[in-house]
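Inspection log for the structure reproduced underneath, given as structure tokens.
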Amino acid sequence: MSVRVGRIVRHEDVHGVSGTGDHLADVFEASDGTTIVRWLGKDGSTNVYQGVKNVTNVHGHGGKTEIEWLWEQEADIDPMEAVFDKKIVEAGGSTGATAAQEDEEAEAIAEELAEEAAETVERVAEKVVVKLAKKTAERVAEKAAENAKVVDENPEE
């Protein structure tokens, strides 16, 4: 849920004491749904409600008083969701797909990424094998040279 800011607009004063107008109160809805109403005017007050529905239940009078939302915070998007959506689009998918299509697209993307990872691991493994073979050959040559030196120093053994 995101933060919203609005105002109370009263089209008809049901009880004849509250007045009508296009800005009788400021309304703030917190990200957890808690709603604060700040009544404007000479004897203004502030009320806190569990949610917008509670405000409309108490003050709505069947639609004769309503909240006009003036600003709404953009929804927080999980950064990984944005990356995943980008990958779906790059793979030819669509972010407006059904759940089944999203699962299918996700599976295809996961398969493609797994294949890329496997190819990378294979390239790294090949380089490791080459370096390991070279180091092993160097060490064997060093040992052979040491052994040859020992034999040269002690020919009778």
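Just so it is clear, none of the values below were taken in a lab; they were calculated from the coordinates. Keep in mind that what you see is a predicted model, and the values were worked out from it rather than measured. Neighbour counts run over all protein chains shown; Cβ positions are idealised from the backbone, glycine included.
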Report task. Over the chain, calculate the relative contact order: mean separation of alpha carbon pairs under 8 Å at least 6 apart, over the residue count, as a percent. Result -> 17 percent
Query raised in the report: LYS149: net charge of surrounding residues, Cβ under 12 Å, Lys/Arg +1, Asp/Glu -1, itself excluded?
Result: -3
Query raised in the report: Points 7 angstrom from Cα along the Cβ direction at GLU153 and SER45: gap in nanometres?
Result: 10.2 nm
Report task. Take the Cβ-Cβ distance between GLU104 and LYS134 as r, set R0 to 30 Å, and report the resulting FRET efficiency rounded to the nearest 0.05. Result -> 0.05
Query raised in the report: Given a cut-off of under 8 Å on Cα pairs at least six residues apart, what relative contact order in percent is computed for the stretch 4-72?
Result: 37 percent
Report summary line: When the chain is treated as a Gaussian network with springs between alpha carbons less than 10 Å apart, the largest mean-square fluctuation among VAL52, VAL17, VAL83 is found at VAL17
Report summary line: Stokes-Einstein, Kirkwood over Cα pairs, the chain, 4 °C, 1.567 mPa s; D in µm²/s equals 56 µm²/s
Query raised in the report: In the chain, what percentage of the DSSP-assigned beta bridges are antiparallel, given to the nearest 5?
Result: 100 percent
Query - Nonlocal amide H pairs with HIS23, under 5 Å, H built at 1.01 Å - result: ARG10
Requested in this report: Grab the alpha carbons of the stretch 4-72, take their convex hull, and tell me the volume per residue in Å³.
Outcome: 76 Å³
**Report entry** Extreme residue, positive dipole direction of the chain, given options ALA125, HIS59, TRP71 (C-beta unit charges)
**Finding:** HIS59
Report task. Compute from the Cα atoms of the stretch 80-145 the Rg and the Dmax, the latter being the longest Cα-Cα distance, and quote both in angstrom. Result -> 21.4, 69
Query raised in the report: Of ILE88, VAL140, ALA100, which is farthest on the positive side of the dipole of the stretch 80-145, counting Cα position, with +1 on Lys and Arg Cβ, -1 on Asp and Glu Cβ, and the Cα centre as origin?
Result: VAL140
Report summary line: Quick calc, the stretch 4-72, dipole around Cα centre from Cβ unit charges on Lys, Arg (+) and Asp, Glu (-), nearest 20 debye, gives 120 debye
